[in-house]
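Everything on this sheet refers to the single structure shown next.
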Amino acid sequence: MYTRLYKLMVTVPPLGWVAIFLIAPYAFLFCFSLWTVQSQTIVHHWNLDNYRQMVENPVYLQVLLRSMRIAAAVTLLSLALSFPLAYFLSFHAVARKELFYQLVIIPLWVSYLVRAYAWKTILGSDGVLNAMLMYAGILHAPASFLLYSPFAVVLTLTHIYTPFAFLPIYASLEHIPRNLLEASQDLGASRLRAFWTVIFPLALPGVIAGATFAFVLSLGDFLSPLLIGGPSGIMISNIVVSLFGAAYDWPLGAAVSLSMLVLVVLLLFATERMEKRLSFR
């Protein structure tokens with residue numbers, strides 16, 4: 001039996017860490033969202049004006065919807081790339097499975113900033129892609145839509161967050177009992193039917209987890225839109241950075257941040273319930 005002192009020594013440090021570095025900052029953020037700014041000074045006047053301004057000003061809703069569209073596009077592309085790759089590694093790449101797995105993970109070893117700048121170099125007017133298209137005769141002048149556009153943001157975020165979607169999908173596929181596939185084949189099911197009736201339903205928790213990773217991380221990203229997004233690729237996180245920075249409107253920035261936090265938490269709760277319902281036991 002553990003003593004009371006031992007239980008306190010084990011539980012108090014992590015709880016204190018969470019309280020100081022997680023709960024306390026959120027509490028301060030909530031307090032800031034209820035204050036106002038007057039003459040470049042934060043006034044501790046409790047009200048809901050920041051939330052009212054956020055609802056009444058259509059700019060915030062437009063940027064939020066654009067951010068969600070970009071995040072949804074990144075999620076779909078990440079799943080379209082990661083699921084076939086995870087399926088190949090799990091069921092077909094038996095001899096070199098570890099090698100291919102490491103090749104998928106290697107991009108995570110490279111700095112986020114380096115990968116973002118790499119795509120800026122590739123998609124630029126004097127970049128590699130424009131040079132190849134002009135050399136092949138497909139274009140006669142550099143394409144301006146490749147960089148500083150939502151397309152560039154979606155492409156860069158897909159490259160960055162596809163490994164995060166791949167990992168849970170691969171884990172789900174690896175945990176599928178192979179004797180279920182053998183049983184389906186013994187019962188006369190084709191490979192396609194076995195995939196849709198056995199593999200895909202059992203892999204759905206991993207697909208949902210990967211989609212959640214890709215969507216949440218893309219929705220909160222601000223560096224890629226800042227580097228390669230341009231005016232049409234601005235996302236909600238860039239608005240928050242501007243409010244806390246040049247605009248010096250910390251209360252409004254805190255209100256937008258908390259609204260995003262509530263949206264993400266609700267999404268995580270919904271996906272968690274879906275994963276529990278679909279998880280294989």
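Remarks
- Segments classed as helices (runs of 4 or more DSSP H), wholly inside the stretch 57-150, with at least 1 members that are more than 30 Å from residue 171 (Cβ to Cβ) and open to solvent by 70 Å² or more (accessible area, probe 1.4 Å): 58-91, 112-123, 128-135
- Breaking point among (1) surrounded by 16 or more Cβ atoms within 10 Å (Cβ to Cβ); (2) without any contact (Cβ under 8 Å) to a residue 24 or more places away in the chain; (3) in a helix (DSSP H, G or I), for residue 155: (2)
- The set of residues in the stretch 29-42 being surrounded by 12 or more Cβ atoms within 10 Å (Cβ to Cβ) and either β-branched (Val, Ile, Thr) or part of a helix (DSSP H, G or I) (or both) consists of 29, 30, 31, 32, 33, 36, 37, 42.
- Which listed residue is over 29 Å from residue 41 (Cα atoms) and either open to solvent by less than 50 Å² (accessible area, probe 1.4 Å) or modelled with pLDDT under 95 (or both), from 230, 220: 230
- Verdict on residue 123 being without any contact (Cβ under 8 Å) to a residue 60 or more places away in the chain and not basic (Lys, Arg): no
- The number of residues in the stretch 164-197 that are surrounded by fewer than 21 Cβ atoms within 10 Å (Cβ to Cβ) and either within 16 Å of the chain's Cα centre (by Cα) or of a type outside the set (A, V, I, L, M) (or both) comes to 18.
- Test result for residue 204, open to solvent by 40 Å² or more (accessible area, probe 1.4 Å), in a helix (DSSP H, G or I) and without any contact (Cβ under 8 Å) to a residue 40 or more places away in the chain: no
- Of all residues in the stretch 252-281 being open to solvent by 60 Å² or more (accessible area, probe 1.4 Å) and touching a residue at least 60 places away in the same chain (Cβ under 8 Å), the one that is nearest to residue 44 (Cα to Cα): 274
- In the stretch 88-100, the count of residues that are farther than 18 Å from residue 210 by Cα and either touching a Ser or Thr at 6+ places or on another chain (Cβ under 6 Å) or of a type in the set (Ser, Thr, Tyr) (or both) is zero.
- Any hit, the stretch 18-28, residues being hydroxyl-bearing (Ser, Thr, Tyr) and at pLDDT 90 or above: yes
- Any hit, the stretch 214-231, residues being in contact with a Gly (Cβ under 8 Å, 6 or more places away or on another chain) and in contact (Cβ under 8 Å) with a residue 60 or more places away in the chain: yes
The values are calculated or read from the model by the stated rules, or taken from the named source; none is laboratory data. What you see is a predicted model; the values in this text were computed from it and never measured. All Cβ positions, even for glycine, are placed from backbone atoms using ideal geometry, and neighbour counts span all protein chains on display. Areas reflect the complete protein model, heavy atoms only, side chains present, ligands, DNA and RNA absent. Shrake-Rupley method; radii C 1.70, N 1.55, O 1.52, S 1.80 Å.
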